[in-house]
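Quick notes on the structure that follows.
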Amino acid sequence: MMTIFIIFFFLLFFCGFMSFVFSYKHLLNMLLSLEFMVLILFSYLFFYLCYFSYEQYFSMYFLVFSVCEGVLGLSILVSMIRSHGNDYFLNYSFLQC
């Protein structure tokens, strides 16, 4: 039973990773796939902790850090859209100021 869930979580994480790799043109799509991978990791962590009857305090810390990561990504997205006008990576030239 445990191996089925491990394979399922690995498959979902791999799909999120492939979505992250293939959506390199848009920052918003990359952030969404990154949040999907964080959500899959959280669900795997919660399932693991419940299965072995551990305390779930570590999952709360994980959620706090994932929310901070999401807020930081969205603030970078907003600042890039305000300064450049879109979220396409291919149009940016970061070497010029």
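The values are calculated or read from the model by the stated rules, or taken from the named source; none is laboratory data. Because the structure is a prediction, the values reported are computed rather than measured. Positions of Cβ are generated from backbone atoms using ideal geometry, with glycine treated the same way; all protein chains shown enter the neighbour counts.
For the stretch 61-78, enumerate the residues that are in contact (Cβ under 8 Å) with a residue 40 or more places away in the chain and in contact with an Asp or Glu (Cβ under 7 Å, 6 or more places away or on another chain).
Hit for the stretch 61-78 is LEU77, nothing else.
Among the residues of the stretch 39-47, is there at least one that is surrounded by fewer than 13 Cβ atoms within 10 Å (Cβ to Cβ) and either out of contact with any strand residue (DSSP E or B) (no Cβ under 7 Å at 6 or more places or on another chain) or outside any helix (DSSP H, G or I) (or both)? Steps first, answer last, please.
Filtering the stretch 39-47 for residues surrounded by fewer than 13 Cβ atoms within 10 Å (Cβ to Cβ) gives none.
No: zero hits.
Please state which one of PHE58, PHE20, PHE52, PHE9 is over 30 Å from MET80 (Cβ atoms), surrounded by 16 or more Cβ atoms within 10 Å (Cβ to Cβ) and not β-branched (Val, Ile, Thr). Working first, answer last.
Values: PHE58 fails: surrounded by 16 or more Cβ atoms within 10 Å (Cβ to Cβ); PHE20 fails: over 30 Å from MET80 (Cβ atoms); PHE52 fails: surrounded by 16 or more Cβ atoms within 10 Å (Cβ to Cβ).
Result of the check over PHE58, PHE20, PHE52, PHE9: PHE9.
Which ones in the stretch 79-89 are in a helix (DSSP H, G or I) and in contact (Cβ under 8 Å) with a residue 40 or more places away in the chain?
Applying the first criterion (in a helix (DSSP H, G or I)) to the stretch 79-89 yields 79-84.
Matches in the stretch 79-89: MET80 only.
Identify the residue in the stretch 34-58 that is of a type in the set (S, T, N, Q) and over 14 Å from LEU12 (Cβ atoms) and, among all such residues, is modelled with the highest pLDDT. Let's see the steps before the verdict.
Within the stretch 34-58, the first condition is being of a type in the set (S, T, N, Q), and the residues that meet it are 43, 53, 56.
Checking which are over 14 Å from LEU12 (Cβ atoms) leaves us with 53, 56.
Numbers: SER53: 81, GLN56: 76.
Filtering the stretch 34-58 for residues that are of a type in the set (S, T, N, Q) and over 14 Å from LEU12 (Cβ atoms), the one modelled with the highest pLDDT comes out as SER53.
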